[in-house]
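What follows is a single structure, written as structure tokens, with notes after it.
The values are calculated or read from the model by the stated rules, or taken from the named source; none is laboratory data. These numbers were taken from a predicted model, which means no experiment stands behind them. Counting neighbours? That spans all protein chains shown, and the Cβs are built from the backbone with ideal geometry, glycine included. Surface areas here come from the heavy atoms of the whole protein model, side chains and all, with no ligands, DNA or RNA. Shrake-Rupley method; radii C 1.70, N 1.55, O 1.52, S 1.80 Å.
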Amino acid sequence: MPEAADTAAAPSGAAPDIEVRELTKAFGRREVLRGISFDVERGGFLSIFGPNGAGKTTTLRILATLTAPTSGTVKVAGYDAREEAMPVRAAIGMISHSPLLYPDLTAYENLRFYADMYGLGDRDERIAELLDRVELSHRRYDVVRTFSKGMRQRLAIARAILHRPRVLLLDEPHSGLDPRAVDILDGLLAEIRSEHTFVMVTHSIQKGLELATQVLIIDGGKAVFASAGGVDPSAFTAVYREHVQEGSVA
Amino acid sequence: MGGRQFVAILRKDLIRELRTKEMLISMFLFVMLAMVIFHYAFTVKESVDLTYFTGGMLWVTFIFAALLGLNRSFAQEKDENCLDGLLLCPVDRVTIFFAKMTGNLIFLAIIQAVAIPVFTVFFVKHGYYGRLPSFLLVVLLADLGICALGTLLATISMNTRARDLLLPIVFLPLIVPVLIAATSATTAIFSGGSEFGPLGAKLVFLAMFDIIFMVAAYGTYDFAIGE
Amino acid sequence: MILKRLLTAPALYAVAGALLAAGLLLAFLYAPTDTSSMGFSQKIFYYHAPIAECALLAFGIAFVAAILYLRSNDPKYDVLGMVAIRLGLLFSLLVMATGMIWGRAAWGVWWAWEPRLTTFLIVCLLYTAYFVLRQTVEEESRRATFAALFAIIAFVDVPITFFATRFMPAGLHPVVFGRGGGMPGSDLLAFFVSMIGMTLLLIAMLRQELAVEHLKEDLYHLKNRIGA
């Protein structure tokens with residue numbers, strides 16, 4: 001993974017890219033996470049499943065430094081998410097169901113903005129390369145408002161991997177996409193699969209298992225099932241049913 | 001690095017606004033309408049000299065026009081969840097504050113560049129051109145205060161349920177000192193009257209206000225924009 | 001142990017009440033009647049000024065609580081800040097009420113745009129906004145953070161507002177409070193007795209309000225446990 005490696009020199013090469021220990025989060029009186037621990041090795045792909053309100057998105061937002069943990073330690077690319085937020089932010093990219101793009105800016109202006117924010121040295125070459133890759137070069141001077149949902153999501157991927165992050169966080173990236181856009185998204189994900197470490201939150205068991213090297217099921221703020229290896233899709237539905245009582249929404 | 005990010009945020013906001021012009025147009029319309037309304041509100045008999053009221057009219061108008069802009073400057077970040085994208089970047093939150101503040105300052109200044117000549121031509125009967133430099137200084141210092149405090153409070157209010165409804169309620173009572181100082185300085189300049197006390201004290205006061213709230217924002221912005 | 005019992009709300013109320021009564025008696029029976037234009041109406045000053053000091057003290061407590069909250073994220077400082085501002089607001093309204101009564105008696109109008117009175121009017125609006133702000137944030141930790149930020153900004157703004165209210169054209173309003181002249185010694189005693197009494201009253205009310213808030217918190221947990 002030569003591209004991913006030059007993002008930031010990690011303090012120690014052997015440590016996992018993501019290390020979460022006894023993570024808890026309470027919004028006031030409401031406890032959302034009650035002690036979650038997991039590791040993701042370099043190049044791994046973790047899929048997180050669980051019912052609505054289980055704490056999946058909160059977990060992802062804590063990894064992304066958008067939300068502060070109440071207790072526990074979170075390390076991303078060897079840096080503590082609370083104490084060393086800046087290098088963590090430099091090491092992560094995020095793809096969520098909203099594209100995080102400014103609709104009144106063109107594709108190029110959006111990418112240029114983020115390239116400047118991340119301090120990219122080879123800004124224009126990198127933008128050109130990525131626009132090619134997500135097949136949007138012909139629309140580079142059009143404002144994003146005129147893009148279809150699928151095009152926006154493709155551009156969102158370009159935005160997320162612009163600064164060659166070591167870790168990519170995916171928050172239900174498939175939601176709201178039409179089948180063709182889903183295909184394009186899956187194609188792109190498969191293409192960049194080898195370049196990053198992934199954490200994906202999803203409702204779709206099929207999508208979640210396709211690429212996963214490990215899975216985690218969260219329910220009521222706790223990890224109710226974890227598997228370090230790949231999981232057989234045909235057996236997983238039963239596993240999920242067994243650990244999650246439908247309707248037990250925290 | 002911080003400089004490049006500052007420019008990037010400012011550039012993005014300027015491009016966006018100059019392309020859509022939604023904020024500038026609404027601010028401009030508001031200012032012009034306010035002028036007409038003030039004219040009818042204060043003209044109690046024929047040929048009244050409104051010179052003494054122009055300072056107050058101007059600053060009341062500018063503060064409400066600034067409110068329109070301040071609300072917009074964060075609404076667009078919140079609308080498309082773009083704020084998350086901004087917060088994901090390895091950027092000091094204070095850089096975001098100063099970039100947003102500068103953007104708001106520029107938009108307010110654009111509006112004033114149109115409104116001040118119009119207001120003074122319509123209302124000010126005395127010549128004040130000799131005092132133009134000190135007037136511009138008053139405008140700059142008052143604008144800085146409005147935008148420093150306003151940007152900080154707009155950040156807080158956009159993260160609440162009420163969003164743009166909350167901003168005037170929290171912003172207006174806090175900005176009263178700037179309103180008083182700027183109004184009394186402006187009225188003194190337009191009327192050439194000495195009964196309003198020395199101008200220097202008001203300029204120093206406005207500058208102190210700017211510094212205090214920029215420092216306050218510097219210390220608290222991390223909390224204001226999100227965890 | 002005895003000290004602790006003396007600091008409970010009922011004990012504080014008793015002491016505060018005694019001191020306030022003593023202050024009142026001193027003001028009317030012992031302190032000389034003002035010889036300047038103010039005359040007898042000046043007596044209200046012995047309550048008016050202590051109330052004003054207490055209002056500012058309450059906002060100061062909220063300011064400190066806000067800083068402590070931002071440093072620790074401990075909800076107890078949020079509650080303290082909220083209770084202090086509530087009482088500060090109450091005292092500010094009393095400042096305005098006593099000030100208006102005084103104004104009516106001294107120079108015949110219910111309201112004059114006098115710097116101190118104007119400042120308290122703005123302060124009332126300012127700290128009312130604090131509660132509007134609290135209303136609009138549902139998530140508790142975020143509400144506490146924003147409330148703390150606002151308490152800090154507001155408290156910084158109060159002295160600035162007071163300075164600004166003096167930027168008025170000279171001669172348009174009478175300079176009413178010439179406190180710089182100093183008071184005769186006998187006035188000081190009555191004044192300080194009232195001030196200590198008023199401060200103790202504030203602390204007693206603060207303790208009581210805090211206790212009420214804690215009871216509400218307990219009630220919430222009890223309700224939760226029985227699933228109500």
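One residue stands out in region A:116-146 among those that are under 22 Å from A:L185 (Cα atoms) and open to solvent by less than 10 Å² (accessible area, probe 1.4 Å): the one that is nearest to the other protein chains (Cβ to nearest Cβ), namely A:V144.
One residue alone among B:I156, B:I212 is of a type in the set (A, V, I, L, M) and under 19 Å from B:S73 (Cα atoms), and that residue is B:I156.
Each residue in region A:207-231 was checked for being surrounded by 13 or more Cβ atoms within 10 Å (Cβ to Cβ) and at pLDDT below 75, and 2 pass.
A single entry from A:T197, A:T146 fulfils the requirement of being in contact with a strand residue (DSSP E or B) (Cβ under 6 Å, 6 or more places away or on another chain) and of a type in the set (S, T, Y): A:T197. Could we say that A:Y102 is part of a helix (DSSP H, G or I) and more than 30 Å from C:D74 (Cβ to Cβ) here? No. Scan region B:83-105 and tell me whether some residue there is at pLDDT below 90, within 14 Å of chain A (Cβ to nearest Cβ), touching a strand residue (DSSP E or B) at 6+ places or on another chain (Cβ under 8 Å) and surrounded by 14 or more Cβ atoms within 10 Å (Cβ to Cβ). No, region B:83-105 contains no residue that is at pLDDT below 90, within 14 Å of chain A (Cβ to nearest Cβ), touching a strand residue (DSSP E or B) at 6+ places or on another chain (Cβ under 8 Å) and surrounded by 14 or more Cβ atoms within 10 Å (Cβ to Cβ).
Residue-level check: of (1) within 24 Å of C:L70 (Cα to Cα); (2) under 16 Å from the mean Cα position of the chain (by Cα); (3) touching a residue at least 12 places away in the same chain (Cβ under 8 Å), B:A207 misses just (1). In region A:32-82, the residue that is farthest from A:E242 (Cα to Cα) out of those that are of a type in the set (D, E, K, R) and either more than 14 Å from chain B (Cβ to nearest Cβ) or open to solvent by less than 10 Å² (accessible area, probe 1.4 Å) (or both) is A:D80.
A:I95 fulfils the conditions (1) hydrophobic (A, V, I, L, M, F, W, C); (2) in a strand (DSSP E or B); (3) within 9 Å of chain B (Cβ to nearest Cβ) except for a single criterion, (3).
Quick one: in region A:209-231, which of the residues that are β-branched (V, I, T) and outside any strand (DSSP E or B) is nearest to A:H196 (Cα to Cα)? Can you show your working first?
The first filter runs over region A:209-231 and keeps only residues β-branched (V, I, T), leaving A:213, A:215, A:217-218, A:224, A:231.
Keeping just the survivors that are outside any strand (DSSP E or B) gives A:213, A:231.
Details: A:T213: 13, A:V231: 21 Å.
This residue is A:T213.
When the residues of region C:71-85 are filtered to those that are over 20 Å from the mean Cα position of the chain (by Cα) and within 14 Å of chain B (Cβ to nearest Cβ), the one that is most open to solvent (accessible area, probe 1.4 Å) is C:R71. Within region C:86-99, one or more residues are buried (at least 17 other Cβ atoms within 10 Å of the Cβ), under 19 Å from C:F63 (Cα atoms) and either in contact with a Gly (Cβ under 6 Å, 6 or more places away or on another chain) or of a type in the set (K, R) (or both).
Here B:T183, B:T155, B:T120 are screened, and the one residue that is of a type in the set (S, T, Y), in contact (Cβ under 8 Å) with a residue 12 or more places away in the chain and surrounded by fewer than 22 Cβ atoms within 10 Å (Cβ to Cβ) is B:T120.
Which ones in region C:147-179 are among the small types (G, A, S) and either modelled with pLDDT of 60 or more or assigned to a helix (DSSP H, G or I) (or both)? Please lay out each step first, then the result.
At the first step, the residues of region C:147-179 found to be among the small types (G, A, S) are C:147-148, C:151, C:154, C:164, C:170-171, C:178.
If the condition is that a residue be among the small types (G, A, S) and either modelled with pLDDT of 60 or more or assigned to a helix (DSSP H, G or I) (or both), then C:A147, C:A148, C:A151, C:A154, C:A164 are the ones that fit.
Looking across region B:158-177, the residues that are in a helix (DSSP H, G or I) and either surrounded by fewer than 23 Cβ atoms within 10 Å (Cβ to Cβ) or more than 8 Å from chain C (Cβ to nearest Cβ) (or both) come down to B:M158, B:R163, B:D164, B:L165, B:L167, B:P168, B:I169, B:F171, B:L172, B:P173, B:I175, B:V176. For region B:1-39, a residue qualifies if it is among the polar types (S, T, N, Q), within 10 Å of another protein chain (Cβ to nearest Cβ) and in contact with a helix residue (DSSP H, G or I) (Cβ under 7 Å, 6 or more places away or on another chain), and exactly one does: B:Q5. For the residues B:I96, B:I106, the requirement of being out of contact with any Ser or Thr (no Cβ under 9 Å at 6 or more places or on another chain) and touching a residue at least 24 places away in the same chain (Cβ under 8 Å) singles out B:I106.
For region A:16-31, filtered to residues that are under 30 Å from C:D78 (Cβ atoms) and not in a strand (DSSP E or B), the residue that is most open to solvent (accessible area, probe 1.4 Å) is A:R29.
Here region B:45-55 is the region considered, the condition is being within 14 Å of another protein chain (Cβ to nearest Cβ) and open to solvent by 20 Å² or more (accessible area, probe 1.4 Å), and the residue that is nearest to the chain's Cα centre (by Cα) is B:F53.
For the criterion of being out of contact with any strand residue (DSSP E or B) (no Cβ under 6 Å at 6 or more places or on another chain), at the interface with chain B (Cβ under 7 Å from one of its Cβ atoms), open to solvent by 10 Å² or more (accessible area, probe 1.4 Å) and closer than 18 Å to A:R166 by Cα, A:A85 fails.
The conditions of being more than 19 Å from C:L125 (Cβ to Cβ), open to solvent by 10 Å² or more (accessible area, probe 1.4 Å), among the aliphatic types (A, V, I, L, M) and modelled with pLDDT of 95 or more are met by C:L68.
Restricting attention to region B:1-22, the residues being touching a Leu at 6+ places or on another chain (Cβ under 7 Å) and in contact (Cβ under 8 Å) with a residue 12 or more places away in the chain number 2.
The single condition from (1) over 30 Å from B:L10 (Cβ atoms); (2) assigned to a loop (DSSP other than H, G, I, E, B); (3) among the aliphatic types (A, V, I, L, M) that A:I48 fails is (2). Which number in (1) at positive phi; (2) over 15 Å from the mean Cα position of the chain (by Cα); (3) in contact (Cβ under 8 Å) with a residue 60 or more places away in the chain marks the one condition that A:G119 misses? For A:G119, the failing item is (3). Quick one: is A:S234 among the polar types (S, T, N, Q), closer than 25 Å to A:R89 by Cα, open to solvent by 20 Å² or more (accessible area, probe 1.4 Å) and part of a helix (DSSP H, G or I)? Criteria not met by A:S234.
Here are B:F64, B:F6, B:F42: which of them is under 13 Å from the mean Cα position of the chain (by Cα), open to solvent by 20 Å² or more (accessible area, probe 1.4 Å) and aromatic (F, W, Y)?
Matching residue, one of B:F64, B:F6, B:F42: B:F64.
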